[in-house]
Amino acid sequence: MALTVTMPQLGESVTEGTIARWLKQPGEHVARYESIAEVITDKVNAEIPAPADGTMAELIAPEGAVVAVGQPICSIETDVAVPTPEAPAGAPAASPPQSTSPPQVPPPAPVVPASAAPQIAAAASAATGGNGAASYHLTPAVRMLVREHSVDLSQVQGSGIGGRVTKKDVLEYVQRRDSGAPAAPQPMSAPQPTSAPQVSTPAPAGSPSVEVDGVTLVPLTPTRRAIAEHMVRSRHTSPHAWVLVEVDMSAVARVRERARAEFEQRYGVKLTYLPFVARAVCEALRIHPTLNASWSDDGILLKRDIHLGIAVALPDNLVVPVVRNADRLSIAGLATTMADLGERARTNHLKLDEIQGGTFTLNNTGALGAVMTQAIINQPQAAILTMDAIVKRPVVVEGDAIAVRAMMNLGLSFDHRINDGLPATRFVKTVKDLLEATDERTTIA
């Protein structure tokens, strides 16, 4: 039996993913849980596992295709009978009305919304002999009906997610067409839009750049396109506000310097400033729960668990793996967990559950040398905190004396729908106070 594999939910608020690369081809054997495809979201490359043992059959979604969550991407031939969602057991087979029935005046042709035009045009091309780049918009059952009844999908208004054409849409169109149209079905030829951009299938990463009059056009990779879409959506979704405080990291620097050699020998990872800040953030989120929250039309959703996203910069991407229940970990636990996630993020070996469900994000822009950063919120979270570079400089201390201190900027971007300036500032002030209170009594393990 053919088992249809669909695009999984790749993260909270994520509605689609891009097929970056197929790891298995039709005819190849696959084992259950073996990776079959590499998928890109706005923040990570993830691998989709096979749900069962079998043989790869049809690759419904081509490489570079953007597929909505729940839509089919491929099929696997297995020895286990699997019911088809499009045709549940006992459902009566639909058939067009008999040609002998009295002709009726057909209803007006459905008006296709402009927003759904690219999806419908792409689906029509795939079903009527096009290049197949958008065939992932149709389930196997819908494609069978389209071929059987010679349906021109440019005339069908999709009622599914994102304007996708469903089995019900095709059957209703066939009934209307056959009951009142005297002419034979039109030849199967795909519409050829002349000016509409092909947004559903981005240019593959390996496409060559084009130079005209000294200007070079570099095709968008699926990753870059996904990041761009997420950043724009975030700024349109929530009103961003920003607050910055200076933190004296001298006490943290002394504790770190004292423990770093033994720590590296014991745990096998370097002791950086990041776990100290992460620990303070988790404690501050307990005190200020509206920063560990998200917005809904019915009210503010306060998250009980603290799942801390840690931004990891890659040469051409930005990945945000999630430290689960970060508030339950010590500084050593945070350091080792983040080192492991960071290494696997750089080698593209993160699992799906390690990139979703974050409730707050910490961005270590200081590792890149930045001294003042305004970050964009990782939706649907309430805020994102950036820790910039630690720089030694003269500052005024108690008694109006001047001393050299290791100073760091903490910048918080927050959703002004959820928090106003007072709770946001109190949160970063709490993080500052916790870091500056570090001393020899601070435990690492």
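Details
- Any pair with Cβ under 7 angstrom, 6 or more apart, that starts in the range 273-290 at a residue that is over 17 Å from Met338 (Cβ atoms) and ends at one that is hydroxyl-bearing (Ser, Thr, Tyr): Ala284/Thr430; Ile287/Thr430; His288/Thr430
- When Ser296 is tested against the conditions (1) touching a Lys or Arg at 6+ places or on another chain (Cβ under 9 Å); (2) surrounded by fewer than 17 Cβ atoms within 10 Å (Cβ to Cβ), the lone failure is (1).
- Any hit, the range 291-310, residues being among the hydroxyl-bearing types (Ser, Thr, Tyr), touching a residue at least 60 places away in the same chain (Cβ under 8 Å), assigned by TED's automatic domain parsing to the domain that holds Leu350 and in contact with a strand residue (DSSP E or B) (Cβ under 9 Å, 6 or more places away or on another chain): yes
Every residue, every condition in (1) at pLDDT 90 or above; (2) assigned to a loop (DSSP other than H, G, I, E, B), yes or no:
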{"residue": "Lys24", "(1), (2)": "yes, yes"}
{"residue": "Gly27", "(1), (2)": "yes, yes"}
{"residue": "Tyr33", "(1), (2)": "no, yes"}
{"residue": "Val39", "(1), (2)": "no, no"}
{"residue": "Asp42", "(1), (2)": "no, yes"}
{"residue": "Ala46", "(1), (2)": "no, no"}
{"residue": "Thr55", "(1), (2)": "yes, no"}
{"residue": "Ala61", "(1), (2)": "yes, yes"}
{"residue": "Cys74", "(1), (2)": "yes, no"}
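- Residues (in contact with a Gly (Cβ under 8 Å, 6 or more places away or on another chain) and modelled with pLDDT under 75) located in the range 142-188: Ile161, Arg164, Thr166, Met188
- Neighbours by Cβ (under 6 Å, 6+ apart or cross-chain): first from the range 223-236, within 15 Å of Thr15 (Cα to Cα) and of a type outside the set (A, V, I, L, M); second modelled with pLDDT under 80 and assigned to a helix (DSSP H, G or I): none
- Any hit, the range 327-339, residues being surrounded by fewer than 21 Cβ atoms within 10 Å (Cβ to Cβ) and farther than 27 Å from Met407 by Cα: yes
- All positions within the range 286-321 that are touching a helix residue (DSSP H, G or I) at 6+ places or on another chain (Cβ under 6 Å) and either within 21 Å of Leu271 (Cα to Cα) or at pLDDT below 95 (or both): Leu308, Ile310, Val312, Asn317, Val319, Pro321
- In the range 385-422, the qualifying residues are those that are of a type in the set (Val, Ile, Thr) and free of Cβ contacts under 8 Å to residues at least 40 places away in the same chain, and the one that is farthest from Met231 (Cα to Cα) is Ile402.
- Any hit, the range 376-393, residues being surrounded by fewer than 23 Cβ atoms within 10 Å (Cβ to Cβ), assigned to a loop (DSSP other than H, G, I, E, B), over 26 Å from the mean Cα position of the chain (by Cα) and on the phi > 0 side of the Ramachandran plot: no
- Filtered residues of the range 76-85 (kept if in contact with a Pro (Cβ under 9 Å, 6 or more places away or on another chain) and either modelled with pLDDT under 85 or closer than 28 Å to Asp316 by Cα (or both)): Thr84
The values are calculated or read from the model by the stated rules, or taken from the named source; none is laboratory data. Because the structure is predicted, anything quoted here is derived from the model rather than measured. No Cβ is skipped: glycine too gets one built from the backbone with ideal geometry, and neighbour counts run over all protein chains shown.
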